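Just below is one structure, and these are the notes that go with it.
The values are calculated or read from the model by the stated rules, or taken from the named source; none is laboratory data. Bear in mind that the values here come from a model prediction, so they are computed numbers and not experimental data. Cβ sites come from the backbone with ideal geometry, for glycine too, and all protein chains shown count toward neighbours.
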Amino acid sequence: MMNIEHLFSLQDRSALVTGGSRGIGRMIAEGFLRAGARVYISARKADACDAAARELSELGTCVSLPGDVSTLDGINALVAELQKHESSLDILVNNAGAAWAAPYDEFPEGGWDKVVDLNLKTPFFLTQALTPMLEKAATDHLAKVINTASINGITLNPRRDTYSYHASKAGLIHLTKRMAVELAPRRIVVSAIAPGPFASSMNKEARDQAAEVARRVPLGRIGEAEDMAGAAIFLASRAGDYVVGSTVVVDGGSAWARINRGETVPTG
């Protein structure tokens, strides 16, 4: 018999959320905690990561593991720290990300490399490094990997000169499909979320001009923490077991509104 409470439960699961100290990562971390998981959050700024973990610990077990996952050395250091707490890992959320905006004729190599390394290279190599822990967790349930993409990987944002960001998020959506095919036979399900306008330090427009942004969203508002947490819990729980390689768009209809207004076209 179908058990709805079990279907969406993360009770006793372990989860690592990169970029988990703020914004979308923190929304996901809070949702996982409320669903019963033990959550480890990682961020480059140790003070912010520690402070977020202290606050989130009011909801359950939340541990700060600060570090820079943009390099292989940083990835290996994070994995080593996680292994001091857990022998296996049920859920990995590759959420750490960066953006860079500059006019086409002035776009710098540094802005390209910083964004593509963190947004596209890191999810692959961090998942690779954690695959043994994910496989170990995949016993009576599946292990999960969730990549944070963006609607800017699906449609073009005509108001932003974010060339490397658009490219990295489109690449991550396709990488999610390829990784999913490889890892599904190992009982690791890979999927992605493509957020639209959520208030964050990366999306300052949604944070600081919510009413203006909301006018471009068919649903009439920007995203809320429950919207992001709900999508992540769905994918991380038994409810999302058969969603393999897909990207769930969580944007209130923003991406398709761009197309209908003639502002842009789909990228793939």
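Let's see how each residue does on (1) in contact with a Leu (Cβ under 7 Å, 6 or more places away or on another chain); (2) part of a loop (DSSP other than H, G, I, E, B); (3) more than 20 Å from K144 (Cβ to Cβ):
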{"site": "P66", "(1), (2), (3)": "no, yes, yes"}
{"site": "S88", "(1), (2), (3)": "no, yes, no"}
{"site": "V116", "(1), (2), (3)": "no, no, yes"}
{"site": "L130", "(1), (2), (3)": "yes, no, no"}
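If you go through the range 221-246 one residue at a time, how many are in a loop (DSSP other than H, G, I, E, B) and either without any contact (Cβ under 8 Å) to a residue 12 or more places away in the chain or within 18 Å of the chain's Cα centre (by Cα) (or both)?
Filtering the range 221-246 down to residues in a loop (DSSP other than H, G, I, E, B) leaves 221-222, 224, 237, 241-246.
If we keep only those that are either without any contact (Cβ under 8 Å) to a residue 12 or more places away in the chain or within 18 Å of the chain's Cα centre (by Cα) (or both) too, we end up with 222, 224, 237, 241-246.
Matching residues across the range 221-246 total 9.
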Notebook entry, point to check: Applying the selection to the range 57-85, what residues are within 15 Å of R13 (Cα to Cα), surrounded by fewer than 18 Cβ atoms within 10 Å (Cβ to Cβ) and within 21 Å of the chain's Cα centre (by Cα)?
Noted result: L59, G60, T61
Notebook entry, point to check: Take the residues of the range 4-29 that are under 16 Å from the mean Cα position of the chain (by Cα) and part of a loop (DSSP other than H, G, I, E, B): which is surrounded by the most Cβ atoms within 10 Å (Cβ to Cβ)?
Noted result: G20
Notebook entry, point to check: With (1) farther than 26 Å from M179 by Cα; (2) in contact (Cβ under 8 Å) with a residue 60 or more places away in the chain; (3) of a type in the set (G, A, S) as the list, and A48 as the residue in question, which single condition is left unmet?
Noted result: (2)
Check: Out of curiosity, is F32 of a type in the set (F, W, Y) and over 14 Å from the mean Cα position of the chain (by Cα)?
Finding: no
Checklist line | Failed condition for S42, given (1) touching a Gly at 6+ places or on another chain (Cβ under 8 Å); (2) at pLDDT below 95 | finding: (2)
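Could you go through the range 140-147 and let me know if any residue there is closer than 24 Å to P197 by Cα and not β-branched (V, I, T).
Of all residues in the range 140-147, those closer than 24 Å to P197 by Cα come to 145-147.
Next cut, not β-branched (V, I, T) only: 147.
Yes - at least one qualifying residue is present in the range 140-147.
So which of N119, N157 ends up being more than 26 Å from A15 (Cβ to Cβ), surrounded by 15 or more Cβ atoms within 10 Å (Cβ to Cβ) and either of a type in the set (S, T, N, Q) or touching a Cys at 6+ places or on another chain (Cβ under 9 Å) (or both)?
Values: N119 fails: more than 26 Å from A15 (Cβ to Cβ).
Among N119, N157, only N157 is more than 26 Å from A15 (Cβ to Cβ), surrounded by 15 or more Cβ atoms within 10 Å (Cβ to Cβ) and either of a type in the set (S, T, N, Q) or touching a Cys at 6+ places or on another chain (Cβ under 9 Å) (or both).
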Margin query: I'd like to verify a number: residues in the range 30-46 that are assigned to a loop (DSSP other than H, G, I, E, B) and of a type in the set (G, A, S), how many?
Written below: 4
Check: Which residue, of V63, V93, V115, is out of contact with any strand residue (DSSP E or B) (no Cβ under 9 Å at 6 or more places or on another chain) and of a type in the set (A, V, I, L, M)?
Finding: V115
